[in-house]
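For reference, the structure is listed below as structure tokens.
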Amino acid sequence: MSGQPILLVEDDEDDVLLMRRALERCGVANPVVVARDGVEALDCLFGAGPRPAVRPAVVLLDLRLPRIDGFEVLRRLRADRRTRLQPVVLLTSSNEERDRADGYGLGANSYVRKPVDFNEFSAVVAQFGAYWLGINEPPPVPDPG
Amino acid sequence: MSAFSTAGMMPHGHCYLWDPGLVRLHVASDVLIAGAYLSIPFTLAYFVRRRRDLPFPWIFLCFGLFITACGATHVMEVWTLWHPDYWASGLVKAFTAAVSLTTAVLLVRLMPKALALPSPQDLSESETRFRVLLESAPDAMVLVDGGGAVCDLNSQVERLFGYARGELLGRPVELLMPERFRQGHVAHRAGYFGEPRQRPMGAGMELFGRRKDGSEFPVEISLSPLKTGRGAFALSAVRDISARKETEAALRRSMADADAAYKELETFSYSVAHDLRAPLRKIDAYSQALLDDYGGRFDAQGTDFLQRLRRASQTMAQLIDALLNLARVARAEPRREEVDLGALARSVAEGLREGDPARKVELVVADGVMVQADPRLLKDVMENLLGNAWKFTGRRPRARIEFGVLRGPGPAVYFVRDDGAGFDPAYARRLFSPFERLHRPGEFPGSGIGLATAQRIVQRHGGRMWAEGAVNRGAAFFFTLEPEGER
Ligand code: HEM
């Protein structure tokens, strides 16, 4: 499993860096492919021109993205036979976003509401890592003093 | 036949000894009488035909018959001067007698009813009364006959429509409405006379009147049938409803405005949640990164500063979440289901106890308090109220928190009471403003948005929330879940 990439769809520089850190902390060794907006994400998943389609272990999908937003990316993934079963974890900033995604019935496999507490965030990442990437031992999360 | 034989009898002329003067006198008088009598029924018939509204027309028939019979007896008088047909003339008399008697009896029997008929003076008095009534009506009243012509109106009509009385009398009522309705209306009103009853006109339709100057205005019209001796009429009461329509439009506009404001608030709070949380997340994450990667290079104070930095960002995140929740609740449409408030209170209290097992708090919860309310929203209310009670009894070695219900004539009143720090009653109202805090920040933790949220939830259910308390004497929060008037 550790060879299969993770596709992180995220436009925020800091969030990319922090997600990488969280994954690292949890001992996820999979390569991380980053798409900066919805169009890049779709190009990556369906292939564009000479570049072949990437089949990631899991897509970590932010909802607010330039050009094509996360809702639309997910809708297109679910509408296509090739990507219908692709595991997708939505990264939401608020419960509202999650409510909206639920309302659309878009069929995300999981949601991560980005908590403000980075330690909590790492714990959540470890959880879905364990589930989607088969990491068996999340490293100990430092005690949030 | 032999019984009626007049054989051997003499013509009546013999009685007058055929004196030419006397015979002529009788013949002339009888003929004139008969002529006059026989003409009277024609005049009566003409009268009855023209005055369809006459009461008791049959009595005229009796009179007609009676006078015709009388006339016939006089004809017989002339006949018998030369022809002794005394049986025939007697029978005509007998018939006349019968008709006269019948008429006489019927006339006597009719008298009470005839006396009850209004005199012309009465009629003009009732006319006056009708006019007074018409004038005193607040609405513009138009009396219309079966042909659609205006027969009467009050001065409110003149004022409302701008016509003088004389310009309307005898004109079709359609003059008072916009052209586009006129043609159809002729049939409408004709239909009304087929089924006349008191009812609103065009119920559920937008009706318009038209002034003399051509301007239109919205109206409401009610119709009443009026049957008189002179035929069937319809009385229409026209009310100008421009003012009401304007108020309604203004209300709709301000509701749309409020809606737009809500939408804006929704977008705003969504952005707040999203955009304000993102930097906080980064502050926390980078602080943690500093601790993780450079922890060894900070001394105890440096580490402490970083921890404080993280706590501050988390407090702010909680504030944002509470504000967001308040905004959500303020626009929530409660879904009513049966909720066991007592059970809800118990489970919330259990959660509080688990979070702080060392506290000695006596919990008294009323059982069987069933309400129709939104369970998720009510959980928020109970969490806030019980959470507050828990918090403000924190300084008591032993505390008591009670949930219960007061049942009286009005809606049931639910309450959460504690014996904690309480508050100054002068500030009872301010408790419910977001961010209001009556205690010093360090004294008790919390944001102060919770009570505002709880009150908003209760209001969304149609109820209200209020507080009673005294400094160091504890606090009690009361709420209802339905409007005061109901039940
Ligand atoms: C007393 C006489 C009147 C009678 C018997 C009468 C009767 C009716 C009837 C039967 C209707 C059809 C709707 C329904 O059945 O409720 C109607 C419609 C209407 N009437 Fe009258 N009406 C009278 C006077 C007036 C007056 C004075 C006005 C104007 C100020 C007026 C304006 C209208 C209008 C605008 C409509 C709607 C027509 C349409 O939408 O096609 N009516 N009327």
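Bear in mind these aren't lab numbers, they're just calculated from the coordinates by the rules spelled out. These figures come from a predicted structure and were not determined experimentally. All Cβ positions, even for glycine, are placed from backbone atoms using ideal geometry, and neighbour counts span all protein chains on display.
Between the stretch B:252-303 and the stretch B:387-420, how far is it from one alpha carbon centroid to the other, in angstrom? A separation of 34 Å, based on Cα centres. Checking the Cα-Cα distances for B:Lys113/B:Lys227; B:Lys212/B:Lys245; A:Lys114/B:Lys360; A:Lys114/B:Lys263; B:Lys93/B:Lys113 against a 27 Å cut-off, the pairs over it are A:Lys114/B:Lys360; B:Lys93/B:Lys113. The peptide list B:176-182, B:243-249, A:76-82, put in order of mean Cβ contacts within 10 Å with the highest first, becomes B:176-182, A:76-82, B:243-249.
Each label was represented as a point 7 Å from its Cα along the Cα-to-Cβ direction; for B:Leu175 and B:Val471 these points are 8.0 nm apart. Peptide A:112-122 has a mean of 6 when you count, residue by residue, the C-beta atoms of other protein chains within 10 Å of its C-beta. Out of every Cα pair in the stretch B:333-479, what percent are spaced more than 19 Å from each other? For the stretch B:333-479, the fraction of Cα-Cα distances above 19 Å is 49 percent.
Other residues whose C-beta falls under 15 angstrom from the C-beta of B:Thr128 contribute a net charge of -3, scoring Lys and Arg +1 and Asp and Glu -1. Computed over every Cα-Cα pair of the protein assembly as shown and binned at 20 Å starting from 0, the pair-distance distribution P(r) comes out as 13, 23, 20, 16, 11, 8, 7, 2, 0 percent. Given their separation in residues at 0.36 nm each and the Cα-Cα distance between them, B:Ala243 and B:Phe305 gain 15.7 nm when the chain is fully extended.
Cβ-Cβ distance of B:Ala104 and B:Ala137, R₀ of 56 Å, FRET efficiency by 1/(1 + (r/R0)^6): the value works out to about 0.70. Highest average first, the peptides B:108-114, A:42-48, B:421-427, B:321-327 ordered by how many other beta carbon atoms sit within 10 Å of their residues are B:321-327, A:42-48, B:421-427, B:108-114.
Could you calculate the FRET efficiency of B:Arg165 with B:Gln459 from 1/(1 + (r/R0)^6), where r is the beta carbon distance between them and R0 is 51 Å, rounded to 0.05? Walk me through the numbers on the way to the answer.
Numbers: r = 56 Å, r/R0 = 1.09.
Step by step, r from the Cβ atoms, then E = 0.35.
Restricting the trypsin sites (Lys or Arg not before Pro) of the stretch B:1-88 to loop positions (DSSP other than H, G, I, E, B) with no more than 13 neighbouring Cβ atoms within 10 Å leaves B:Arg51, B:Arg52. Taking every residue in B:277-290 and counting other chain Cβ atoms within 10 Å of its Cβ, the average works out to 6. Taking 0.36 nm per residue of separation and subtracting the Cα-Cα distance, full extension of the segment from B:Thr43 to B:Val186 would add 47.7 nm.
Fully extended, how many nm does the chain gain between B:Arg335 and B:Ser5 (0.36 nm per residue separation, minus their Cα-Cα distance)?
Working: separation 330, 0.36 × 330 = 118.80 nm, distance 10.78 nm.
108.0 nm is the gain from fully extending B:Arg335 to B:Ser5.
Across chain B, C-alpha contacts under 8 Å between residues 6 or more apart give a mean separation that, scaled by the residue count, equals a relative contact order of 8 percent. With helices as the sole contributors, chain B gives -18000 deg cm²/dmol at 222 nm; each DSSP H run of n ≥ 4 counts as -39500 (n - 2.57), and the sum is divided by every residue.
Derived scalar couplings between HN and Hα for the stretch B:213-229 equal 7, x, 6, 10, 8, x, 9, 10, 10, 10, 10, 9, x, 9, 9, 10, x Hz in order, rounded to whole Hz, by the Karplus curve 6.51 cos²θ - 1.76 cosθ + 1.60 (θ = phi - 60°), x for Gly and Pro. Membrane-span-like helices in chain B, defined here as complete DSSP H runs extending at least 27 Å along the helix axis by their C-alpha atoms with mean Kyte-Doolittle hydropathy no lower than 0.0, are B:20-50, B:57-82, B:86-116, B:300-330; this is a sequence and geometry rule, not a statement about a membrane. For the protein assembly as shown, the share of DSSP beta bridges that are antiparallel, to the nearest 5, is 70%. Roughly speaking, what is the centre-to-centre gap between the stretch B:94-167 and the stretch B:168-234 when only Cα atoms are used, to the nearest Å? The distance from the Cα centre of the stretch B:94-167 to that of the stretch B:168-234 comes to 22 Å.
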